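Visitor: Just dropping this structure here.
The values are calculated or read from the model by the stated rules, or taken from the named source; none is laboratory data. From a predicted model like this one, the values you see are computed outputs, not experimental measurements. Here the Cβ is made from the backbone with ideal geometry for all residues, glycine too, and neighbour counts use every protein chain on show. These area figures cover heavy atoms from the full protein model, side chains too; ligands, DNA and RNA do not enter into them. Shrake-Rupley method; radii C 1.70, N 1.55, O 1.52, S 1.80 Å.
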Amino acid sequence: MRTLEISNLHKEFVDAYTGQTVVAVGDVSFSIEQGEFVSVLGPSGCGKTTVLNIVAGFDTQTSGSVLVGGKQVDGPSPERGVVFQSFALFPWKTVLGNVTFGLRMRGVPRADREAVAHQYLELVGLQGFEAKYPHELSGGMQQRLGVARVLANEPEVMLMDEPFASVDAQTRRKLQEELTGIFETKRPTVFFVTHDVDEAVFLADRVVVLSSRPSQVAEIVTVPLERPRHWRSALDNPDFRHTVTYLTDLLAAGEPNADESEDAPETSAAAGAVGEG
Amino acid sequence: MTNITPSTSGAGQPHPKPGPPKARFRPWLVRMGENRVVRTFGPFVPVILLWWIIAELEVFPSAFFVGPGTVFEKFDELIAKGILPAYLGDSLERLFYGVLFGMLIGVPAGFIVAMSAWARKLTWPLLMFFQAIADIAWLPIVIVWFGFSLTAVTFVIVYTIVFPLMISIVSGVEQVPRDVVRAARSLGAGRLQVFTEVILPGALPAVATGIRTGLGYGWRALIAAEIIVGTSGVGFLMFDSRRAQEVTGVFVGMIVLGVLWFALDALVLAPFERRTIERWGMIRTAEAGR
Ligand SMILES: Nc1ncnc2c1ncn2[C@@H]1O[C@H](COP(=O)(O)OP(=O)(O)O)[C@@H](O)[C@H]1O
Ligand SMILES: [Mg+2]
């Protein structure tokens, strides 16, 4: 069953100052099956966040359609939980208060929502931190709380927009590995946006590659890796390396020209070495 | 007054390179600095000492400048006669009503203007205009309207508090991160819940700053109003003493004003902020008066 179906999504922004029209999303179509982990990969500025915001209901498309569970998306909904790069936790609520927030909004009784919360806090390794405030946690722990807060709501799809981009490299690896572990136990449906090729491949069942603006789906690549996954074995795995190289080349080919004006991801630097010139 | 609990430990950490002569001296000073009472009242010791020395040396004639001893005697006398307690009570009552009505008007008005784009467009120029008219500039017309009464004084305080409060709230609501509002929405919060669960607490640092600023202005406006409208109160006490060529009373009034603001901050504002904003790790919008 298809949990998420995006068809011919197109989005234009009108610049508030110049009045010019910017095409943020050209023509994007793909779908995500229930219990599937899909990475959406593309260069910075290609419209990944815009697609995610439309799916989340924060923004509306110029044309095209987004169906979640067969229903047209109309505004934000707990069926589409979002994990933010900025964490976006509630600083005035404890860890427990953050995790139970969604259930409380939907009127779940206290005892029930706390039982669910404890289960998910344990899943992300935050048991014992219930009474802490977010600022007392490390960046990695804050984002684990961000994940637990969404999963406790049991959404149809979890949307993640470069969730590990603002933690240090070491922690990022650890969080990625933990996320695969959580995915393997709970099997949520995940829409994961990133510009990091390694991350996209390591986490996903399939990688949707977007071309640079006006973005289109360049290719959808199935990741030939077994689960459970671990960084150590993945890095030694030829299949993993081939997929990464293939995607890196694909992104490099999609670059409109050699100029590095925008904050080009590190992947393009790596691709430069491989490129045939 | 700085942070009490969390950062004090920092002061006790070894300093990078204590020079040999200072090495013996420093731990003693540092230990003193960790004591809350010492930290609060310590800085006043040299000031009072200096005051006392200047008075003892009789640099100025006593009709202009009196020492701490004289002021303390006067203070004692005013308390014994019941004048100071009565005047202080009057001033605090006026401040209380002014602040109460100021907040009752300013907080909801601030949130309405902050939450509704068209209310903001409609009222912003008015807000700017009326904020620009100094509070005391209203006194002449207020006295015409309400006479020399509690209403007149309250009006001025309310007026002083409402505008800074509204403007702080508007900027506070604007500072609530967009992602946090979005997170609440996609966790199932409706519009009203977003307001009560996210906007209100999110704007709290700014509201606290607004109340602090407003109170400070209100306090000053009160004294000014009492000096002009005055029939009683600390401001009136000072004005009345001056009229009687009696500087000691003026000194007493000035000290009472300072101590009261200090107490208000230490007993009400600071603990409130410590329990909310600091505990949540949210940045205070301003460090005014701390
Ligand atoms: N609110 C907006 N108004 C105008 N232009 C926008 C807005 N949001 C995004 N854009 C533009 O749309 C393009 C895609 O942005 P975004 O979706 O954030 O890319 P990505 O997440 O892939 O880096 C960018 O060129 C950006 O400048
Ligand atoms: Mg983005």
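Visitor: For the stretch B:120-275, with every protein chain kept in place, what is the accessible area per residue (1.4 Å probe, Å²)?
Guide: Numbers: 6940 Å² over 156 residues.
Normalised by residue count, the accessible surface of the stretch B:120-275 is 44 Å².
Visitor: Next question, about the same structure. Please compute, for peptide A:127-140, the average count of beta-carbon atoms on other protein chains lying within 10 Å of each residue's beta-carbon.
Guide: Numbers: counts 0, 0, 0, 0, 0, 0, 4, 2, 5, 3, 1, 0, 0, 0.
Taking all residues of A:127-140 together, the mean is 1.
Visitor: While we're here: Residues of the stretch B:169-209 losing 30 Å² or more of accessible area relative to the isolated chain, 1.4 Å probe, heavy atoms only?
Guide: B:ASP179, B:VAL180, B:ARG182, B:ALA183, B:ARG185, B:SER186, B:LEU187, B:GLY188, B:GLN193, B:GLU197
Visitor: Ignoring any ligand, DNA or RNA, what whole percent of the accessible area of the stretch A:126-242 comes from carbon and sulfur when the probe is 1.4 angstrom? List each step's numbers first, then the result.
Guide: Details: 2310 of 4810 Å².
On the stretch A:126-242, the fraction of accessible area on carbon and sulfur atoms equals 48 percent.
Visitor: Springs between alpha-carbon atoms under 10 Å, Gaussian network over chain B: tell me which of B:ILE143, B:ILE211, B:ILE53 tops the mean-square fluctuations.
Guide: B:ILE53
Visitor: Let me ask something else about it. At a 1.4 Å probe, which residues in the stretch A:84-101 are at least 40 Å² less accessible with all protein chains present than in their chain isolated?
Guide: A:PHE84, A:PHE90, A:PRO91, A:TRP92, A:PHE101
Visitor: Modelling each spin label as a point 7 Å along the Cα-to-Cβ direction, I'd like the B:ILE255/A:ALA169 distance in nm, to one decimal.
Guide: Label at B:ILE255, label at A:ALA169, 6.5 nm between them.
Visitor: So which lysines pass the test for A:LYS48, namely a Cα distance under 22 Å, with those fewer than 8 places away in the same chain ruled out?
Guide: Correct list for A:LYS48: A:LYS11, A:LYS71.
Visitor: A follow-up question, please. May I ask you to derive the relative contact order of the stretch A:4-101, considering only C-alpha pairs under 8 Å and at least 6 residues apart, and to give it as an integer percent? Write out the running numbers ahead of the final one.
Guide: Details: 122 pairs, mean separation 28.0, N = 98.
Across the stretch A:4-101, relative contact order equals 29 percent.
Visitor: Using a Gaussian network for chain A with springs between C-alpha atoms less than 10 Å apart, which of these wobbles most: A:SER211, A:SER31, A:SER138?
Guide: Comparing A:SER211, A:SER31, A:SER138 in a Gaussian network model of chain A, the most mobile one is A:SER138.
Visitor: I would also like to ask the following. Quick one: with all protein chains in place, what share of the accessible area of chain B is carbon or sulfur, to the nearest percent (1.4 Å probe)?
Guide: Details: 11340 of 16220 Å².
Of the solvent-accessible surface of chain B, carbon and sulfur hold 70 percent.
Visitor: Another one. Along the Cα→Cβ direction, 7 angstrom out, place labels at B:PHE96 and B:ARG275. What is the inter-label distance in nm?
Guide: 1.9 nm
Visitor: Residue-wise, which Karplus ³J(HN,Hα) couplings in Hz belong to the stretch A:6-20, taking 6.51 cos²θ - 1.76 cosθ + 1.60, θ = phi - 60°, and x for glycine or proline?
Guide: 10, 10, 6, 5, 9, 9, 10, 10, 9, 4, 5, 8, 7, x, 7
Visitor: Highest mean first, how do B:195-204, A:111-120 rank when packing is the count of other Cβ atoms within 10 Å averaged over residues?
Guide: Working: B:195-204: 19.3, A:111-120: 16.6.
In decreasing order of mean packing, B:195-204, A:111-120 become B:195-204, A:111-120.
Visitor: For the stretch B:71-278, what does the relative contact order come out to in percent, with C-alpha contacts under 8 Å and a separation of six or more?
Guide: Working: 228 pairs, mean separation 55.3, N = 208.
Relative CO of the stretch B:71-278 lands at 27 percent.
Visitor: Excluding ligands and nucleic acids, what accessible area in Å² is computed for B:PHE41 using a 1.4 Å probe, to the nearest 10?
Guide: 120 Å²
Visitor: Sort B:THR70, A:THR3, A:THR171 from largest to smallest accessible area, using a 1.4 Å probe on the heavy atoms of the protein chains. Can you show the working numbers first?
Guide: Numbers: B:THR70 65, A:THR3 5, A:THR171 40 Å².
Largest accessible area first, the residues go B:THR70, A:THR171, A:THR3.
Visitor: Here's another thing I want to ask about it. Evaluated at 20 °C with a viscosity of 1.002 mPa s, what Stokes-Einstein diffusion coefficient in µm²/s does the stretch B:13-168 have when Rh comes from the Kirkwood expression over alpha-carbon pairs?
Guide: Numbers: Rh = 21.0 Å.
D, rounded to a whole number, is 102 µm²/s.
Visitor: Another question, then. From the protein chains alone at 1.4 Å, what is the descending order of accessible area for A:HIS195, A:HIS242, largest first?
Guide: Numbers: A:HIS195 45, A:HIS242 125 Å².
Sorted by accessible area, descending: A:HIS242, A:HIS195.
Visitor: Before anything else, pin down the relative contact order of chain A: Cα pairs under 8 Å, at least 6 apart, normalised by residue count, whole percent. Could the numbers behind the result be given before it?
Guide: Working: 527 pairs, mean separation 67.6, N = 277.
Computed over chain A, the figure is 24 percent.
Visitor: Going by average Cβ neighbours within 10 Å, how do the peptides B:241-250, A:50-59, B:152-161 rank, with the highest at the top? Write out the running numbers ahead of the final one.
Guide: Working: B:241-250: 15.4, A:50-59: 22.0, B:152-161: 26.1.
Result, highest mean Cβ count within 10 Å first: B:152-161, A:50-59, B:241-250.
Visitor: If I stretch the segment between B:TRP28 and B:LEU267 completely, what's the gain in nm (0.36 nm per residue apart, minus their alpha carbon distance), one decimal? Display every interim value, and only then the final one.
Guide: Values: separation 239, 0.36 × 239 = 86.04 nm, distance 2.85 nm.
Taking B:TRP28 through B:LEU267 to full extension adds about 83.2 nm, to one decimal.
Visitor: Through the Karplus equation 6.51 cos²θ - 1.76 cosθ + 1.60, θ set to phi - 60°, convert the phi angles of the stretch B:92-104 into ³J(HN,Hα) values in whole Hz; use x for Gly and Pro.
Guide: For the stretch B:92-104, the Karplus-derived couplings read 5, 4, 4, 4, 4, 5, x, 5, 4, 5, x, 6, 4 Hz, x marking Gly and Pro.
Visitor: While we're looking at this one, here's another question. If you take the accessible area of B alone plus A alone and subtract the pair, what total do you get in square angstrom, rounded to 100, with a 1.4 Å probe? Walk me through the numbers on the way to the answer.
Guide: Details: alone 17250 and 13170 Å², together 28440 Å².
Adding both sides of the contact gives about 2000 Å².
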